[in-house]
Ligand SMILES: Cc1cc2nc3c(=O)[nH]c(=O)nc-3n(C[C@H](O)[C@H](O)[C@H](O)COP(=O)(O)OP(=O)(O)OC[C@H]3O[C@@H](n4cnc5c(N)ncnc54)[C@H](O)[C@@H]3O)c2cc1C
């Protein structure tokens, strides 16, 4: 988002807002943990930090926001950052009603605590998957991150487990497999890592990362729409990009 805001600030002058110079807009990114993108590998986090600081974005790490006023934000260390526009993006939390679901164990993010089989800790007949589930990730001594790839993997496992339960067979454990992550920094860059059995972990950046990002998006579209509609979508996207404005102002 910081990279996109930076990009938007540069596009504003193209819309006649020439009194606003990019240098007039200062972007601060305030992060409570000691590194950016704390859920991702450290190399990815460092590369993203370098890109953002290279764009002139002020990144404050280990700073927790304790107060937001009309004039700006105050951090726990007492620093006050004046800001006309504030964007709050402080993480994923499941909806409050999950906390009050009768009899199920939940954690502080309101996620339903499940065992390795994806069955809830309290009731074998209730499964929870995806963002709303807190499933152990023993290799990291943590819980499986709320990501699209984990939700997809859990869906496949729960399908098998429900079938096995109906056939009175033992339940299978779910093990999270991280296939890697990609971070898009607007038009400036894409940074990521790919994890495979043969190659191990590979860091990718720039054009290659961008191409992997775009091909992944196309693969998702193919899974949902099929090849004909994806062909048409790609063609219409090609023309739309030439006609639509570079920035959405609403
Ligand atoms: C802006 C954004 C960017 C993201 N980018 C990435 C990314 O790049 N890579 C990645 O791996 N993950 C990404 N994620 C996370 C990813 O989208 C989620 O981890 C994934 O969608 C979780 O799948 P899910 O099926 O558990 O939940 P969802 O996809 O959230 O599906 C839950 C569905 O339940 C519906 N619902 C909620 N309450 C009720 C109710 N009471 N009754 C009926 N229906 C209900 C909701 O409307 C929703 O459709 C991103 C998330 C966000 C918000």
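State the number of residues belonging to the stretch 116-129 that are within 15 Å of residue 164 (Cβ to Cβ) and more than 16 Å from the ligand (Cβ to nearest atom). Full working, then the answer.
Residues of the stretch 116-129 that are within 15 Å of residue 164 (Cβ to Cβ), as a first pass: 116-119, 124-125, 127.
Imposing the further condition that a residue be more than 16 Å from the ligand (Cβ to nearest atom) reduces the set to 116-117, 119, 124-125.
Count: 5.
If a residue must be assigned to a loop (DSSP other than H, G, I, E, B) and free of Cβ contacts under 8 Å to residues at least 60 places away in the same chain, how many such residues does the stretch 87-97 contain?
The initial filter retains those residues of the stretch 87-97 that are assigned to a loop (DSSP other than H, G, I, E, B), namely 87-95.
Remaining after also requiring free of Cβ contacts under 8 Å to residues at least 60 places away in the same chain: 88, 90-95.
Here the count works out to 7.
Among the numbered conditions (1) exposed (fewer than 11 other Cβ atoms within 10 Å of the Cβ); (2) assigned by TED's automatic domain parsing to the domain that holds residue 44; (3) modelled with pLDDT under 85; (4) within 25 Å of the chain's Cα centre (by Cα), the only one that residue 249 does not meet is (2). Cβ separations smaller than 9 Å between residues 6+ apart or across chains give no pair from the stretch 109-132 residues that are free of Cβ contacts under 8 Å to residues at least 12 places away in the same chain to residues that are in a strand (DSSP E or B) and surrounded by fewer than 16 Cβ atoms within 10 Å (Cβ to Cβ).
Conditions (1) touching a helix residue (DSSP H, G or I) at 6+ places or on another chain (Cβ under 7 Å); (2) not in a loop (DSSP other than H, G, I, E, B), marked per residue:
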{"residue": "7", "(1), (2)": "no, yes"}
{"residue": "17", "(1), (2)": "no, no"}
{"residue": "37", "(1), (2)": "yes, no"}
{"residue": "85", "(1), (2)": "no, no"}
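Under the condition of being part of a strand (DSSP E or B) and either without any contact (Cβ under 8 Å) to a residue 24 or more places away in the chain or within 15 Å of residue 37 (Cβ to Cβ) (or both), the residues counted in the stretch 156-205 number 19. Anything in the stretch 98-115 that is part of a strand (DSSP E or B) and within 12 Å of the ligand (Cβ to nearest atom)? List them, or say none. Selection gives 112 alone. Residue check: residue 77 meets all listed conditions (1) away from the ligand (no atom under 11 Å from the Cβ); (2) outside the structural domain of residue 32 (by TED's automatic domain parsing) but one, namely (2). Looking only at residues in the stretch 157-180 that are surrounded by 11 or more Cβ atoms within 10 Å (Cβ to Cβ) and within 13 Å of the ligand (Cβ to nearest atom), which one is farthest from residue 125 (Cα to Cα)? Result: 180.
Right, residue 147: within 16 Å of the ligand (Cβ to nearest atom), exposed (fewer than 13 other Cβ atoms within 10 Å of the Cβ) and closer than 16 Å to residue 39 by Cα or not? Lay out the reasoning, then the answer.
Values: within 16 Å of the ligand (Cβ to nearest atom): yes; exposed (fewer than 13 other Cβ atoms within 10 Å of the Cβ): no; closer than 16 Å to residue 39 by Cα: yes.
Spelling it out, it is not the case that residue 147 is within 16 Å of the ligand (Cβ to nearest atom), exposed (fewer than 13 other Cβ atoms within 10 Å of the Cβ) and closer than 16 Å to residue 39 by Cα.
Residues checked against (1) assigned by TED's automatic domain parsing to the domain that holds residue 9; (2) more than 30 Å from residue 205 (Cα to Cα); (3) crowded, with 17+ Cβ neighbours inside 10 Å:
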residue	(1), (2), (3)
53	yes, no, no
65	yes, yes, yes
84	yes, yes, no
122	no, yes, no
135	no, yes, yes
141	no, no, no
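Would you say residue 122 is over 19 Å from residue 44 (Cα atoms) and in contact with a strand residue (DSSP E or B) (Cβ under 9 Å, 6 or more places away or on another chain)? Judged against the criteria, residue 122 is a match.
The values are calculated or read from the model by the stated rules, or taken from the named source; none is laboratory data. Just so it is clear, the structure is predicted and the values come from calculations on it, not from any experiment. Don't worry about glycine lacking a Cβ; one is built from the backbone with ideal geometry, like all the others, and counts go over all protein chains shown.
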